[in-house]
Amino acid sequence: MLKFLVCLLQLIIAPAKGWEAIADEDMEPRKLCAEGFYPFIGVVACTVFVQYFYSTETGLAQLLQNAVITFLQYFITYFLASFLFSLFISKLTQGEVDEKRCHTFIIYNLSLLGLFQMINNCLPVEISIFQFLPFFDIFIIWFGIPYLSIKENKKVLFLILSVASIMVPPYIFGPLLNNMLPSAHDNTPSML
């Protein structure tokens, strides 16, 4: 997980150099998920419990439910984004599609979103500037264009499709899963 975190930090500090380091690392996506992404989103989900120390309104059961939803929204998004990329990436790249790089690209961009959510989870109050941190991921996606060998005239289309398949789903799945699961405050029996 240390290599994963170092590459994630490099993406934040110097996006172009970060993607070069990730290309040099050339880790298998399954290994990257098992040793980096899944444990990381697990940690992101656990940071939901930090709210217990500064919020008296939210009970432990609700925090547990929020932690599960946090993990699931990133987990599901990874597979959805992989599927969506497989639909459009071949029309946008120069030459052969490198599926390994596509999965790695998705993993790191989702991890950045998770990192930004972790920061928000740990803050006792909402600070408006931190609400805009996910927009930094658009910047990282833009610098990842050479990593995936996207055609020059398809860069903007790639950016739009990447944002739609990587960044938007977590913000849809979070509320959707929250509405699907019975409220932790609700005492009525579940139909599930």
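The values are calculated or read from the model by the stated rules, or taken from the named source; none is laboratory data. Note that the coordinates shown come from a computational prediction; the quantities given were computed from them, not determined experimentally. Because the Cβ atoms are built from the backbone with ideal geometry, glycine has one as well, and the counts that use them run over all protein chains shown. Just the protein is used for accessible areas: all its heavy atoms, side chains included, with ligands, DNA and RNA removed. Shrake-Rupley method; radii C 1.70, N 1.55, O 1.52, S 1.80 Å.
Aspartates and glutamates near Lys151 by alpha-carbon distance under 20 Å, same-chain residues fewer than 8 away left out - which ones?
Glu20, Glu96, Asp98, Glu99
Could the peptides 4-10, 60-66, 75-81, 152-158 be put in order, highest first, of the mean number of other beta-carbon atoms found within 10 Å of their residues?
Order by mean packing, descending: 75-81, 4-10, 60-66, 152-158.
Angle check, please: helix 99-122 long axis (alpha carbons) against the longest principal axis of the chain (alpha carbons), in degrees 0 to 90, nearest 10.
The helix 99-122 is inclined about 40 degrees to the chain.
Check each of the GluC sites (Glu not before Pro) in segment 12-114 and keep only those in coil by DSSP with at most 15 other C-beta atoms within 10 angstrom; list them in order.
Hits after loop and neighbour filter: Glu57, Glu96.
Kindly provide the pair-distance distribution of segment 1-93 built from C-alpha pairs, with 5 Å bins from 0 and whole-percent values in order of increasing distance.
Bins of 5 Å from zero give 3, 12, 15, 17, 20, 15, 9, 6, 3, 1, 0 percent of pairs.
Over segment 42-191, what is the relative contact order in whole percent, taking alpha-carbon pairs under 8 Å and six or more residues apart?
33 percent
Determine the alpha carbon to alpha carbon distance for each of Lys100/Lys155; Lys17/Lys91; Lys3/Lys154; Lys17/Lys100; Lys91/Lys155; Lys3/Lys91 and list only those over 23 Å.
Among Lys100/Lys155; Lys17/Lys91; Lys3/Lys154; Lys17/Lys100; Lys91/Lys155; Lys3/Lys91, the Cα-Cα distance tops 23 Å for Lys17/Lys91; Lys3/Lys154; Lys3/Lys91.
Calculate, axis by axis, the spread of Cα positions in segment 60-104 along the three principal axes, and write the results as whole Å, longest axis first.
Its Cα atoms span 51, 15, 10 Å along the three principal axes.
Calculate how steeply helix 2-13 sits against the longest principal axis of the alpha-carbon atoms of the chain, using the helix alpha-carbon long axis, and give the answer as 0 to 90 degrees to the nearest 10.
Approximately 80 degrees, to the nearest 10.
Name the residue farthest towards the positive end of the dipole of segment 1-76 from the options Trp19, Phe37, Leu9, assuming +1 on Cβ of Lys and Arg, -1 on Cβ of Asp and Glu, about the Cα centre.
Projecting each Cα onto the dipole axis, the largest value belongs to Phe37.
Take the alpha carbon gyration tensor of segment 78-192, find the square roots of its eigenvalues, order them as a ≥ b ≥ c, and report rounded if a/c is under 1.5; if not, report prolate when a/b exceeds b/c, else oblate.
Oblate is the answer for segment 78-192, as a/c is 1.5 or above yet b/c matches or exceeds a/b.
Whole number in Å², please: accessible area per residue of segment 12-120, 1.4 Å probe, ligands, DNA and RNA not counted.
The answer is 48 Å² per residue.
List the residues, sorted by chain then number, that are 5 or more residues from Thr93 or on another chain and whose placed amide H is less than 5 Å from its amide H.
Lys151
Kindly identify segment 72-136 as rounded, prolate or oblate by the Cα gyration tensor criterion: order the square roots of the eigenvalues as a ≥ b ≥ c, call it rounded if a/c is under 1.5, otherwise compare a/b with b/c, prolate if a/b is larger, else oblate.
It is prolate, given that a/c is not under 1.5 and a/b is the larger ratio.
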